[in-house]
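The structure under discussion appears below in the form of structure tokens.
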Amino acid sequence: MADTARRLIVIVVFEGVDLLDVTGPPEVFALSRRETAEAAGYHVVLAAETMDPVTTGAGVRVLPDLTFDEAAARSIDTLIVPGAVEVDAEGRVHPLVDPDLVGRVKQLAARTHRITSVCVGAHLLAAAGLLDGKRATTHWSTAQQLAADHPAVEVDADPIFIREGNVWTGAGISACLDLSLALIADDLGEAVALRVARQLVMYLKRPSGQSQFSVPLEQVSTTRRIEDLRHHILRHIAEPLTVMDLAEYAHVSDRHLTRVFKSELGMTPHAYIESVRVEKARHELESSDATLDRIATLCGFGTTDTLVRAFRRRLNTTPTEYRRRFRVPQVS
């Protein structure tokens with residue numbers, strides 16, 4: 001482990017970079033100083049091509065602390081590579097991958113003990129060859145493109161963050177906070193990370209296995225019949241729902257229904273129904289005091305055992321642990 005007084009964190013900044021990706025990690029690292037007896041824990045700096053102000057995607061300008069050349073002459077503990085996107089006329093999101101910036105990331109990575117990306121910054125790491133042969137995550141909206149552009153990368157769009165050796169990748173923009181907490185836990189221990197999480201009013205740190213995926217965020221189907229079925233499932237989620245029932249409702253064969261679900265939503269009808277039930281159960285666990293038996297009934301699982309198995313399979317946790325971490329306190 002590096003000397004805690006000398007941990008240099010370099011955050012890459014460039015035109016259009018996501019603002020929270022840049023400002024979130026320094027706040028988390030700064031709070032670690034309050035929670036330890038160390039005189040200093042981390043030294044966070046922003047590095048850019050020049051010392052000119054950089055305009056973020058939010059329109060806010062930030063000032064670099066040093067240039068890429070100056071950073072490359074230092075011994076870097078952790079390199080954080082944020083991302084940037086552009087949205088086309090049809091509302092589709094595309095990550096920005098500038099070849100010159102990719103070269104700089106590769107140069108800095110060679111001087112770095114630990115390499116991380118936040119959100120679509122994973123596309124920059126992949127373009128630099130730093131994710132080849134590794135499992136990685138990114139924002140759910142660009143995961144398919146990352147997999148298509150970089151077949152050597154094993155893309156998993158589900159987790160909040162993934163660690164593969166000294167390379168860490170984070171998911172959505174706000175996941176930069178979770179990733180930073182995980183880095184603190186790696187350096188200073190779980191207890192310190194949890195105290196920092198409380199300072200951030202994050203209740204408790206989300207585990208890396210926690211899913212970034214939520215049913216409302218799914219890609220909307222282009223088939224009206226499937227959209228109608230999705231609403232039908234939501235309305236009748238507490239009831240037994242079989243492929244035969246759905247096929248009869250849609251006036252198609254079981255086989256055709258399964259084929260269309262896979263084509264439109266990327267999963268079978270059974271898997272989709274389970275994902276909706278887990279999402280509803282998550283909401284109940286976060287916002288109510290209902291028992292697990294009651295939640296299992298409300299969400300169509302039938303039994304608590306079935307509910308627990310679904311949570312383990314989809315979220316890598318249990319309903320009880322999920323409630324402990326994410327229960328929203330009720331205001332009296």
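Summary table
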{"item": "Leading residue by the ranking (surrounded by the most Cβ atoms within 10 Å (Cβ to Cβ)) among those in region 145-162 that are part of a helix (DSSP H, G or I) and free of Cβ contacts under 8 Å to residues at least 12 places away in the same chain", "result": "Ala147"}
{"item": "Candidate set: region 279-305, residues that are under 26 Å from the mean Cα position of the chain (by Cα) and free of Cβ contacts under 8 Å to residues at least 40 places away in the same chain; chosen: the one farthest from Met244 (Cα to Cα)", "result": "Ser288"}
{"item": "First in region 235-260 and in contact (Cβ under 8 Å) with a residue 60 or more places away in the chain and at negative phi, second anywhere and open to solvent by less than 50 Å² (accessible area, probe 1.4 Å) and of a type in the set (Val, Ile, Thr), Cβ under 8 Å, 6 or more apart", "result": "Ile237/Ile273; Ile237/Val276"}
{"item": "Within region 45-59, tally of residues that are under 22 Å from the mean Cα position of the chain (by Cα) and crowded, with 17+ Cβ neighbours inside 10 Å", "result": "2"}
{"item": "Among residues of region 33-58, those that are at pLDDT below 95, farther than 19 Å from Ile76 by Cα and not basic (Lys, Arg), counted", "result": "7"}
{"item": "Matching option when the condition is modelled with pLDDT of 95 or more and polar (S, T, N, Q), among Thr137, Thr116, Thr142", "result": "Thr116"}
{"item": "Strands (runs of 3 or more DSSP E) enclosed by region 35-102 - at least 2 residues per element that are free of Cβ contacts under 8 Å to residues at least 60 places away in the same chain", "result": "42-48, 93-95"}
{"item": "Helices (runs of 4 or more DSSP H) lying entirely in region 219-306 (those with 3 or more residues that are open to solvent by 20 Å² or more (accessible area, probe 1.4 Å) and charged (D, E, K, R))", "result": "224-235, 254-265, 269-287"}
{"item": "Residues of region 145-175 satisfying the condition of being among the hydroxyl-bearing types (Ser, Thr, Tyr) and at pLDDT below 90", "result": "Ser174"}
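Quick grid of which residues meet (1) over 21 Å from the mean Cα position of the chain (by Cα); (2) over 16 Å from Leu183 (Cβ atoms):
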position	(1), (2)
Phe14	yes, yes
Asp18	no, yes
Ala30	yes, no
Leu66	yes, yes
Glu86	no, yes
Leu108	yes, yes
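Conditions (1) under 17 Å from Val44 (Cβ atoms); (2) buried (at least 21 other Cβ atoms within 10 Å of the Cβ), marked per residue:
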{"residue": "Arg61", "(1), (2)": "no, no"}
{"residue": "Ser75", "(1), (2)": "yes, no"}
{"residue": "Val81", "(1), (2)": "yes, yes"}
{"residue": "Val85", "(1), (2)": "no, no"}
{"residue": "Glu90", "(1), (2)": "no, no"}
{"residue": "Val93", "(1), (2)": "no, no"}
{"residue": "Pro99", "(1), (2)": "no, no"}
{"residue": "Arg104", "(1), (2)": "no, yes"}
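The values are calculated or read from the model by the stated rules, or taken from the named source; none is laboratory data. None of the values given here were measured: they were computed from a predicted structure. For neighbour counting, all protein chains shown are included, and Cβ atoms are generated from backbone atoms with ideal geometry for every residue, glycine included. All accessible areas refer to the heavy atoms of the entire protein, side chains included, with ligands and DNA or RNA removed. Shrake-Rupley method; radii C 1.70, N 1.55, O 1.52, S 1.80 Å.
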